[in-house]
Amino acid sequence: MSKNNNRNKRKTDADKEHVVQTVMSKYFEKSETINPIETERNIRKRQKTSDEPKWQPPNWKEQWENILAMRIRNKDLEPRGCDTVGDNITDDKIRRLHVLVSLMLSSQTKDTMTIAAMDRLYDVDFNIQYALDVDVDDLAKIIYPVGFWRRKAQYIKQTCQILRDKYNDDIPNTITDLCALPGVGPKMAYLAMDFAWKSNQGIGVDVHVHRISHRLGWLRYDTKTPEQTRLELESWIPRDLWDKINHNMVRFGQTQCYPVRPRCPTCLNRNICPASTNMNRFAHYLPTLPFSFEYDLPHYLQRIHLRAKSAFISLQTMPRYPLKCHEVPPLFVEPYILNGFRSIHRPWSYYFKSLFHKHNETIN
């Protein structure tokens, strides 16, 4: 036994040594091909010039065009947004201040409440000096009932003090400086750069963009935070569309793609959206059917039901068969004809068998 154990031990040691040599040889072969003076700049340059195609979700261009088309269709349902704040203000510094304050108030607040609060601030000639002179409680009463109105009133006063001390009564023009202000997050910073400075720096991701991008399948993995969603979207969306994503998706989410019970039956993306609740999975095969295609699937089901109804009624005039189907009285047939779409939830053979089985039992 001891000889066999020693022999097996030497065999395993030899196998391990062979594996180690193989791995080390491959390692040294790779190390010889690597350029040791290749810097991070060269790596980025090589990645930019690589011919590998970027990942893009299928049908995203068609989905984007449909979103723009639905914005035109639902134009009357859209509320005013932060992009319209300050249109009547001639002073650029005050206009940019109003845009920043509106973005600060928009967090956890509907656009209708945000715009109403901004209109009240516009009526009192809100500016840096007014924010520093007014009491916090009075400012909170003006912006009420936005979400977290007491906390936001404090943030506005603190932000205005920083703008007076560091930025000469103007707002910062960089993302890092904007995010350093109290009550300002990445989404607000990117939108402030777009609305206030007309600079396309990135995609502002809020709850609407986060939700709709997941529903449309525009993300390679299930992102958990808005920042992850922003980086994932910016990795494949063309840069000239960055400043259009938030504005159009928010309006699409407010008028069509609701968080609860979205309007999928009237959505133009219902057949190409992975999260659609009204998807017609036979849309690509409908042209092969013998009737028109200008209606939706419920209309097709209704027509199928009417044809089945006529087939049931014709059973009463058919000649005798072993199943005695011509003897089925109307009493058994009518309930299955008149119950609408409920009869389509099961195959027709189920109703045939149940009818014939019950009728034969009564006859026998």
When residues of region 210-236 are limited to those that are open to solvent by less than 50 Å² (accessible area, probe 1.4 Å) and in a loop (DSSP other than H, G, I, E, B), the one farthest from N271 (Cα to Cα): S235
Lone qualifier among P265, P259 - being modelled with pLDDT under 95, in a helix (DSSP H, G or I) and exposed (fewer than 13 other Cβ atoms within 10 Å of the Cβ): P265
With a cut-off of at least 3 residues that are of a type in the set (S, T, Y), name the helices (runs of 4 or more DSSP H) lying wholly within region 64-145. 111-123
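Tell me, please, whether a residue that is open to solvent by less than 30 Å² (accessible area, probe 1.4 Å), outside any helix (DSSP H, G or I), under 13 Å from V101 (Cβ atoms) and in the same structural domain as T255 (by the TED database) can be found in region 149-167.
No.
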In region 59-88, residues that are over 20 Å from the mean Cα position of the chain (by Cα), β-branched (V, I, T) and surrounded by 16 or more Cβ atoms within 10 Å (Cβ to Cβ) total 1
For P172: the one exception among (1) of a type outside the set (A, V, I, L, M, F, W, C); (2) buried (at least 19 other Cβ atoms within 10 Å of the Cβ); (3) within 28 Å of F252 (Cβ to Cβ): (3)
Check whether at least one residue in region 237-253 is in contact with a Phe, Trp or Tyr (Cβ under 7 Å, 6 or more places away or on another chain), without any contact (Cβ under 8 Å) to a residue 60 or more places away in the chain and either assigned to a helix (DSSP H, G or I) or of a type in the set (S, T, N, Q) (or both), and report yes or no. no
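In the list A196, A180, A192, A131, which residue meets the criterion of being surrounded by fewer than 20 Cβ atoms within 10 Å (Cβ to Cβ) and small (G, A, S)? Show your work before the answer.
On the way: A196 fails: surrounded by fewer than 20 Cβ atoms within 10 Å (Cβ to Cβ); A192 fails: surrounded by fewer than 20 Cβ atoms within 10 Å (Cβ to Cβ); A131 fails: surrounded by fewer than 20 Cβ atoms within 10 Å (Cβ to Cβ).
After ruling out the rest, the residue left standing is A180.
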Residue tally, condition open to solvent by less than 20 Å² (accessible area, probe 1.4 Å) and either touching a strand residue (DSSP E or B) at 6+ places or on another chain (Cβ under 6 Å) or not small (G, A, S) (or both), over region 199-209: 3
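The values are calculated or read from the model by the stated rules, or taken from the named source; none is laboratory data. Not measured: the values here are computed from a predicted model. Positions of Cβ are backbone-derived with ideal geometry, glycine not excepted, and every protein chain shown enters the neighbour counts. Areas reflect the complete protein model, heavy atoms only, side chains present, ligands, DNA and RNA absent. Shrake-Rupley method; radii C 1.70, N 1.55, O 1.52, S 1.80 Å.
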